[in-house]
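Mind looking over this structure? Questions follow.
FYI, it's all coordinate maths here, none of it is from the lab. None of the values given here were measured: they were computed from a predicted structure. Cβ coordinates were reconstructed from backbone atoms using ideal geometry, including for glycine residues, and neighbour counts include every protein chain displayed.
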Amino acid sequence: MTAGDADKRHRLPAVDRVLGWPAVAALVDAHGRQPVLDAVRGELAGWRASGNPADDPSIVAGVEQRVVAAVTPSQVPVFNLTGTVLHTNLGRAPLPPEAIEAVVRVTTGASNVEFDLETGKRGDRDAHVESWLQRLTGAEAATVVNNNAAALMLMLNTLAQRRQVVVSRGELIEIGGAFRLPDIMARAGCKLHEVGTTNRTHLQDYAEAMESRPAMALKVHTSNYRIEGFTAAPAEHELAQLTREHGIPFAVDLGAGTLVDLTRYGLPHEPTPKEALAGGADLVTFSGDKLLGGPQAGIIAGRADLVARIRRNPMKRAMRCDRMTLAALEAVLRLYADPDSLCHRVPTLRLLTRPEDAIRQVAVRLQPVLAKWLADEPVRVDHVSVASQIGSGSLPVDRLPSHALRIQPAARRGGGGLLGRIAARLRRLPVPVIGRIADGALLLDVRCLEDEHAFHAQLEENQRP
Ligand SMILES: *Cc1c(COP(=O)(O)O)cnc(C)c1O
């Protein structure tokens, strides 16, 4: 039996006929012939495979759905109401308008990303951000790559290929996904020389490791957990002195890499690149899209001779940033020139320092709106105090007082499936809303909800019929 016979049996219309139907012809006008043709073929094939009889309106509805799915971008904005400000799966730092404008400015046409306008010769793409990084970290030189994992990999490969790198056992971290320090080290071609124990490592442990003539020492800021209690680690300046005596570089992977003293804004202290370099580190590495609040990038800053070697590594070419990233990073770094306005202008810092009372008021105002939207569900909607976290491994233990809309099942039993279904309903909104399920409730932490009106309007416009 051929497809044609099957179509006759189920009375499926021919592709050309479907394309001629007014509703489908309108889709062709709006989106072009090819996407609609693909949708019609897909839809008819679906009906054919199912063996079910098809009626014309169902075919049209199916085609419409397929066309909408095909023309809708895969990556869309979402409301991050998870309570994790720097959420890696949700893109980490939101960018300030200055950064967005800079990206548009330099990518609409050509730019001088790697072109020296003075000499008319090839330039260096780091030049656009290096002076800002020097100023903000006190480093002699700096270079930028795709992310901090790449920064670490490039630094290790440049300075310690086929040689030993001394690291404390308590700092052999896994950041998430496939990022484990021992693996990165192996892929960078380095031999890991572990010293100390999980909770305690002494200067003497590092001193003994020097006998095996390592290429460098690395300290990793254990940013996503904290070892507490009976612990010990030598001060960075002591390690710096030891490595200097042995003539090897000492590097610190800071992870979050905030460029300002966060205590100034009432946040817990997080070590800065400036402090690490002033404390004797030869190099530091940190992310661009964590506490710095910029685009995804990895920054290596420190001694000019070491940065120069890193730049000459052919692997640098495979890890370099594009002009969009460099433009956005430059724009964000420029905002740091005025620390007084930082908390308003860098969204990450603005969200982290948002006053608890302002967050609470958002929850209070939105509670009836959400309750109305969920009126047909067996749930109660109220608001509660919660603790947001910074995320992306920054300041793991410290929590920020925040407020959330809370959706709880009205009945005691069977609530899990209900909350999962409501979470899915929220994710299907035009701007998907992402919350978190905890303690038998679906929580929407509104710390990161700045466009309250858009959220409100979306619920009003998408009531269940
Ligand atoms: C986050 C982090 C990394 C990885 O940085 P990415 O920018 O995500 O590649 C490396 N080291 C530490 C200590 C981190 O916290």
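With charges only on Cβ, +1 for K and R and -1 for D and E, what is the dipole size of region 97-342 about its Cα centre, in debye, rounded to 20?
I would put it at about 840 debye.
Then there is this: Tell me which of 407, 353, 18 sits at the most positive position along the dipole axis of the chain, charges placed on C-beta atoms (Lys, Arg +1; Asp, Glu -1).
Farthest towards the positive end: 18.
Return the ratio Rg/(2.2 N^0.38 Å) for region 1-153, where Rg is computed over Cα atoms only.
Ratio of Cα Rg to 2.2 N^0.38 Å: 1.78.
Looking at the chain, identify the longest residue range that excludes and avoids all trypsin sites (Lys or Arg not before Pro) in DSSP loops having at most 13 other Cβ atoms within 10 Å.
No qualifying site falls inside 227-411, the longest such stretch.
I've got another one for you. May I ask you to work out the translational diffusion coefficient for the chain at 4 °C, viscosity 1.567 mPa s, via Stokes-Einstein with Rh from the Kirkwood sum over Cα pairs, reported in whole µm²/s?
Rounded to a whole number, D works out at 50 µm²/s.
Shape verdict for region 3-71, please, from the Cα gyration tensor: rounded (a/c under 1.5), prolate (a/b greater than b/c) or oblate.
Prolate.
Give the percent of DSSP beta bridges with both residues in the chain that are antiparallel, rounded to the nearest 5.
If we restrict to bridges inside the chain, about 65 percent are antiparallel.
Mind checking which lysines have their C-alpha under 28 Å from residue 219, skipping anything on the same chain fewer than 8 residues away?
Answer for residue 219, where 28 Å is the Cα cut-off: 191, 274, 290, 316, listed by chain and number.
Show that you can apply the helix-only estimate: for the chain, add -39,500 (n - 2.57) for every DSSP H stretch of four or more residues, divide by all residues, and state [θ] at 222 nm to the nearest 500.
Per the formula, -12500 deg cm²/dmol.
Could you please report the charge total around residue 138, scoring K, R as +1 and D, E as -1 over all other residues with beta-carbon less than 12 angstrom from its beta-carbon?
So the environment of residue 138 carries a net charge of +1.
Continuing with this model, one more query. Filter the chymotrypsin sites (Phe, Trp or Tyr not before Pro) in region 210-251 to those in DSSP coil with at most 16 other Cβ atoms within 10 Å of their Cβ, and list the result.
225, 230
Along the positive direction of the dipole of the chain (beta-carbon charges: Lys, Arg +1; Asp, Glu -1; about the Cα centre), which of 78, 342, 28 reaches farthest?
Positive-most Cα among the choices belongs to 28.
Could you list the GluC sites (Glu not before Pro) in region 146-238 that lie in coil according to DSSP, counting only those with at most 16 other Cβ atoms within 10 Å of their Cβ?
Answer by residue number: 228.
Now a separate question. What is the gain in length, in nm to one decimal, between residue 428 and residue 186 on full extension, counting 0.36 nm per residue of separation less the C-alpha to C-alpha distance?
82.9 nm
Where does region 274-322 land on Rg(C-alpha)/(2.2 N^0.38 Å)?
So the Cα radius of gyration is 1.24 times the expected 2.2 N^0.38 Å.
All other residues with a Cβ under 10 Å from the Cβ of residue 189 taken together, and with Lys, Arg as +1 and Asp, Glu as -1, what is their net charge?
Around residue 189, the surrounding residues sum to +4.
Let me ask something additional. If R0 is 56 Å, what FRET efficiency do you get for residue 116 and residue 463 from their C-beta distance, rounded to 0.05?
The value I calculate is 0.45.
Something else: Where the centre of each part is set by its Cα atoms, how far does region 241-289 sit from region 37-60, in angstrom?
Cα centroid to Cα centroid, the span is 60 Å.
Right, here's the next one. Note the full-extension length gain between residue 89 and residue 52 as 0.36 nm times their separation in residues minus their Cα-Cα distance, in nm to one decimal.
9.4 nm
Something else about it: Compute the signed sum of charges (Lys and Arg +1, Asp and Glu -1) over the other residues within less than 11 Å, Cβ to Cβ, of residue 309.
+3
Could you check the simple spin-label distance between residue 29 and residue 98, using points 7 Å along Cα→Cβ, in nm with one decimal?
Calculated label separation equals 4.7 nm.
A further question on this structure: Please say if region 97-342 is rounded, prolate or oblate, where rounded means a/c under 1.5 for a ≥ b ≥ c the square roots of the C-alpha gyration tensor eigenvalues, and otherwise the choice is prolate for a/b larger than b/c and oblate otherwise?
Prolate is the answer for region 97-342, as a/c is 1.5 or above and a/b outweighs b/c.
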